[in-house]
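Some notes on the structure that comes next.
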Amino acid sequence: MALIETEVRDRVGILTLNDPEKRNAITLAMNDEIVAQIDAWEADDGVGAVVLTGAGKGFCAGADLDDLLSGENAEEMKEIYAGFLRIAHSSLPIIGAVNGAAVGAGMNMLLACDMAVAARDRARFDSRFLQIAIHPGGGHTWRLRSIVGHQTTMAMVMFGRVLSAERAAEVGLVWQVVDDDQLIDAAVAIAAVAAGQPKELNARTKASILTLDTVTESDAAVEHEIHPQVWSMEQPDFRALVERLQQNISSKS
């Protein structure tokens, strides 16, 4: 059985973690499939964005314990992170469609996405690392704090607070909460907006946003954006838009 399922709708690739009996726990084999699929979609002009979700009742229950315990050193441990890191480092805009519980390393799958939509009744968000006597891994605390801030990170990681979909939206962990049966359609509709934009422009803009932590003052902020902006103004999409606007002005004068 394939450990992921895929389809493409409106230039949006839908990647479904597909091990529902294990609540889509992350395995090394699943990671291999995720990496290969993201590689393929990045090279495919017919795909401009991605929605990540889970099969069955769970989004992702964390790392498979057998694969996790097989890591005997730091380098081997990093192999269990390969799937969500490939998502985090993708040039494609990616939306997490959280259909059920995101637990431990399953939270990392979500945190790797650029934004999230959550199912109102079934979505749950649970750090859980300390509650099973293991230190967080895979950049969990850094990613979580960068999204929700210090206090929510402490509440979830140190004090074991589990968030509902509505509470996750209140603290900024998810963008939107929708009825469970509308989850994928809602996520695809949002992703399709990005998918309709030039792919390379999306990639460069995402790279600018993800490196904003290196910017500390106004002049550096201008410099951070000026080169990709000049590049975009030289591209056919922008040139064509300007030409259409000029033609409309001329026709009205």
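The values are calculated or read from the model by the stated rules, or taken from the named source; none is laboratory data. Values in this document were obtained by computation on a predicted structure and should not be read as measured data. Note: ideal-geometry Cβ built from the backbone for every residue, glycine included; neighbour counts use all protein chains shown.
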For Ile190, the lone unmet condition from (1) surrounded by fewer than 19 Cβ atoms within 10 Å (Cβ to Cβ); (2) in contact (Cβ under 8 Å) with a residue 60 or more places away in the chain; (3) assigned to a helix (DSSP H, G or I) is (1)
Looking at Ala82, is it under 23 Å from Ile38 (Cα atoms) and small (Gly, Ala, Ser)?
yes
What are the residues in region 168-214 that are among the polar types (S, T, N, Q) and over 30 Å from Ile226 (Cα atoms), if any?
Gln176, Gln182
Output the number of residues of region 163-182 satisfying the condition of being assigned to a strand (DSSP E or B) and in contact (Cβ under 8 Å) with a residue 40 or more places away in the chain.
4
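Can you find, within region 114-137, the residue that is farthest from the chain's Cα centre (by Cα) among those that are without any contact (Cβ under 8 Å) to a residue 40 or more places away in the chain and surrounded by 16 or more Cβ atoms within 10 Å (Cβ to Cβ)?
First pass over region 114-137, keeping only residues without any contact (Cβ under 8 Å) to a residue 40 or more places away in the chain: 126-127, 129-136.
Keeping just the survivors that are surrounded by 16 or more Cβ atoms within 10 Å (Cβ to Cβ) gives 126-127, 129, 136.
Working: Asp126: 17, Ser127: 17, Phe129: 20, Pro136: 19 Å.
So the residue we want is Phe129.
Could you check region 143-186 and list, in sequence order, the residues that are among the β-branched types (Val, Ile, Thr) and closer than 26 Å to Leu15 by Cβ? Full working, then the answer.
Of region 143-186, the ones among the β-branched types (Val, Ile, Thr) are 147-148, 152-153, 157, 162, 171, 174, 177-178, 184.
Result: Ile147, Val148, Val162, Val171, Val174, Val177, Val178, Ile184.
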Hits in region 96-140 - residues which are farther than 15 Å from Leu85 by Cβ, modelled with pLDDT of 95 or more and polar (S, T, N, Q):
Asn99, Ser127
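Just to be sure, is Ala55 in contact with a helix residue (DSSP H, G or I) (Cβ under 8 Å, 6 or more places away or on another chain) and at negative phi?
Numbers: in contact with a helix residue (DSSP H, G or I) (Cβ under 8 Å, 6 or more places away or on another chain): yes; at negative phi: yes.
Yes.
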